[in-house]
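The values are calculated or read from the model by the stated rules, or taken from the named source; none is laboratory data. This is a predicted model, so every value here is computed, not measured. Cβ sites come from the backbone with ideal geometry, for glycine too, and all protein chains shown count toward neighbours.
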Amino acid sequence: MLSLDLTNAPRWHDLAPGVRVQLRPLTTALMVATRSDPAVEAVPEEASDEERAVAFATALARRAVLAWDGIGDADGNPIDPSPEAIDALLDVWPIFEAFQLTYVSKGLLLEQEKNDSALSPTGPSAGASDTATPAKRRAKTARRG
């Protein structure tokens, strides 16, 4: 069952021990705005999927992060979120992975499920292709008793 959260309230997400971020809900409007972000559109066509994922995640985080706890500058002083600070945060591999798992992938879950095993319009195997080679001749009938 699909559960709809009609409150659209920001939520806190733990990305590492002592590090949490408050994020906007991952809505259609947020995803569409991120897809048309200049940084995402500037990714070259020959870029790898990983390079595209990094560009998309940082553009999304810049739009989604509202506040955070447990993040500071080089001297240990707390800092507020800014585009540069968000980019630096996502440069930390475990943080990037946690952001992808706790926020981005949950938003894309329905899209992934939709693409996983779509039904063929004329039956479950109508779109399937043969994987076995054809037999050279008919098989002999098995002997009885």
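Annotations for the structure displayed:
- Qualifying residue in the range 83-94 (condition: within 23 Å of Asn8 (Cβ to Cβ) and at pLDDT below 95): no
- Taken over the range 44-55, the residue count meeting the criterion of being over 16 Å from Ala98 (Cβ atoms), surrounded by 10 or more Cβ atoms within 10 Å (Cβ to Cβ) and within 15 Å of the chain's Cα centre (by Cα) is 3.
Residue-wise test of (1) of a type in the set (Lys, Arg); (2) touching a His at 6+ places or on another chain (Cβ under 9 Å).
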site: Leu23; (1), (2): no, yes
site: Arg52; (1), (2): yes, no
site: Ala57; (1), (2): no, no
site: Arg62; (1), (2): yes, no
